[in-house]
Amino acid sequence: MFRGLFRLTWLEIKIFVREPLGVFGTIGVPVLIFVVASRLVGPRLRTGAPGLPAVAAELPVAVSMFVAVSAVLSLVAIMAIYREGGILKRLRATPLRPHTILTAHVLVKLLLSAVTLAAMGLAGRRYFPVGADVSLLSFGVAVLFSTACILSLGFVIASVVPTARFAQPMGALVLYPMLGLSGLFMPLDVLPPALHAVARALPLTYAVSLLQGIWRGEGWIVHAGDVAVLALVFVVCAAVSARVFRWE
Amino acid sequence: MRAGAPVRANGHVAQSVCTRVAQDPVIRVSLLRKTYGRIVAVDDVSFDVHQGEIFGLIGPNGAGKTTTMECIEGLRAPDRGAIAVLGLDPVRDARALQERIGVQLQEAQLQKRITVREAVGLWAALYRISVDGDHLLERLGLTDKRHAWFMTLSGGQKQRLLIALALINDPEVVFLDELTTGLDPQARRTIWELVRGIRARGKTVFLTTHLMEEAERLCDRVAIIDRGKLVDLGSPAALVRRHCPLTSVVVSTDDPAALAGFQAMPAVASVSREGTEHTIRGRADDLVTQVIRYVAEHRLHVDGFRTQSPTLEDVFLQITGHTIRD
């Protein structure tokens, strides 16, 4: 069913690492931004200075969401390039199945996200205070789970986007508004009712809710609803992309 | 024979098929039709491909060659008609078929930074049966390049790698789509040798090309396709005999009696003279013999002697009324 999955995943990791600029953009840039941002807000957080927006207090949540969204955009772009270059078409003539290709790329993205977040944790530790009640392991699991589910949105976009040139803007057009309404920058309660309803229908909202909750030290049971919605999003998106996947 | 058996262009082909069919054809295409919107890409095409032959689908770009091939490979679903490859339906039995065929697609690419060896290793992992990758690379002359990235390979090396990938599962039928397009003559010759090697191993090769020289040198039989229709089918030599039965012999001699002598030979259709050069056109089967005999019997002093045989290019022009490059 997944013949060639691990071979393909391993190859894609090696291929990724062979492009230094891509490695820097994917891992280096977010880490750098996180370190700079936490140097700015860290001391004020520690002294409890007033006037800091909630997003600053929960910087790791925001960063994780941005890493997840850029992973989706990158997945979409790679699939578009592979399609345009005829690589997907060539793979189609083998026993490889589309879900194996997508799964391999999701595994690569998850691994890179994990590496990025771990690097951030190490590099930013000195500046950014982590509350005693935060379980980093729990948070890490929540981030990877959310990322996997958000990546499934990428499957659907990647399955239909015609050309590499459109892939990134299309993905950004879908994902950034979702991120804006996700409750990351402002609580959902302050939104007008109509926007609030829209936000409730968007998958990223549940990812933000889950990550914020775990970061604040709330239990997984409290967020079982978020987990369920994200899992449902994953299943639906995987099913849809399996049907609409285009090889060329 | 089943309903919808291939319609053959004429009796000659039917005869040559009957003498060869001891077993079922490896590929049987019957009244294949494929349209894109209102454009008919493949229009009721039928033919058989036999075990162990190199079969070429030839015609200009846009004639429907690739569409036909991709329907046979199971990459496209035909609108109408029946296709059987190794007794399997390419669409319904796609998975079973993929294990038994090898495919090289037109303008296929791999990941830019995948190495030759990694590509072969990945492909080998995808199939139930695979041949030894390193040995295969050696056969295709890619051993020195096994650690090179795909993007750094020359056109000929890329094509040889793509052929290697098509052979990794030890397929019974190998499909090669325009495999020498864009290659220099030297690389082209190397690839032709490789394709003959595939046949020598008992495989059936199905290829498309718009290069008539390639078809003539490589293929046991060719099907000429133009604007979606199959116009004729046979061995290159048979097609030439059928459509361009006249050949030319060019003899350089200063003997004043030669012109009249050549004109009097039974196989001759016409003779033209330019200076001392006589161009004698006539029936291919007898002409050369008659000219040689005449030259010998009359002790003609000859400065030059060459034959100009018609090629598939001439056949194509004759059948379709336009050249292949139009």
For the range B:203-213, what does the Karplus curve 6.51 cos²θ - 1.76 cosθ + 1.60, with θ = phi - 60°, yield as ³J(HN,Hα) per residue in whole Hz, taken in order and with x for Gly and Pro?
7, 9, 10, 10, 10, 10, 7, 10, 9, 5, 5
Of the cross-linked pairs A:Lys109/B:Lys145; B:Lys112/B:Lys203; B:Lys65/B:Lys145; A:Lys89/B:Lys65; B:Lys65/B:Lys203; A:Lys14/B:Lys203, which ones have a Cα-Cα span greater than 27 Å in the structure shown?
A:Lys109/B:Lys145; B:Lys112/B:Lys203; B:Lys65/B:Lys145; A:Lys14/B:Lys203
Using a/c under 1.5 as the rounded threshold, could you call chain B rounded, prolate or oblate? The axes a ≥ b ≥ c are square roots of the C-alpha gyration tensor eigenvalues, and prolate needs a/b larger than b/c, oblate otherwise.
prolate
Whole-Å distance, taken between Cα centres, linking the range A:171-248 and the range A:62-104:
21 Å
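Give me a single rounded figure for B:101-113: the average over its residues of other chain Cβ atoms within 10 Å of their Cβ.
Numbers: counts 1, 2, 5, 2, 6, 2, 4, 7, 9, 7, 11, 6, 7.
The shielding value for this peptide is 5.
Let me know the shape class of the range B:78-153, please: from the alpha-carbon gyration tensor, a ≥ b ≥ c as square roots of the eigenvalues, rounded when a/c is under 1.5, otherwise prolate if a/b is greater than b/c, or oblate.
prolate
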Let me have the relative contact order for the range B:146-257, percent, based on Cα pairs under 8 Å that are six or more residues apart.
18 percent
Run the numbers on the range B:207-322 and let me know its relative contact order in percent, using alpha-carbon pairs under 8 Å that are six or more apart.
31 percent
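Test of the criteria: in the range A:75-169, which trypsin sites (Lys or Arg not before Pro) are in a DSSP loop and have at most 14 other Cβ atoms within 10 angstrom of their Cβ? Display every interim value, and only then the final one.
On the way: sites: A:Arg83, A:Lys89, A:Arg90, A:Arg92, A:Lys109, A:Arg125, A:Arg126, A:Arg165; in loops: A:Arg125, A:Arg126.
Answer in residue order: A:Arg125, A:Arg126.
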Quick one: pull the percentage of alpha-carbon pairs in the range B:61-189 with a separation above 21 Å.
43 percent
With springs only between Cα atoms under 10 Å, which of B:Val40, B:Val302, B:Val315 fluctuates most in a Gaussian network model of chain B?
B:Val302
Calculated P(r) tail over 20 Å for the range A:1-124, as whole % of Cα pairs:
52 percent
State whether the protein assembly as shown is rounded, prolate or oblate according to the following rule on the C-alpha gyration tensor (a ≥ b ≥ c being the square roots of its eigenvalues): a/c under 1.5 gives rounded; otherwise a/b larger than b/c gives prolate, and the remaining case gives oblate.
prolate
Around B:Gly304, under 15 Å between beta carbons, what's the net of Lys plus Arg minus Asp minus Glu among the other residues?
-3
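If you count, for every residue in A:11-24, the Cβ atoms of partner chains within 10 Å of its Cβ, what is the mean?
Values: counts 9, 3, 0, 5, 9, 2, 1, 6, 2, 0, 0, 0, 0, 0.
Whole-number average of other-chain Cβ neighbours for A:11-24 is 3.
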For peptide B:115-126, how many partner chain Cβ atoms fall within 10 Å of a residue's Cβ, on average?
4
Using Cα atoms only, what is the angle between the long axis of helix A:224-244 and the major principal axis of chain A, expressed in degrees (0 to 90) to the nearest 10?
20 degrees
Take peptides B:175-182, B:88-95, B:135-142 and line them up by average Cβ neighbours within 10 Å, highest first, as a rough protection proxy.
B:175-182, B:135-142, B:88-95
Expressed as a rounded percentage, what relative contact order does the range B:29-147 have, with Cα pairs under 8 Å and six or more residues apart?
19 percent
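Quick note: the coordinates plus some simple rules give every number you see, no bench work behind them. Being a predicted model, the structure only gives us computed values, none of them experimental. For neighbour counting, all protein chains shown are included, and Cβ atoms are generated from backbone atoms with ideal geometry for every residue, glycine included.
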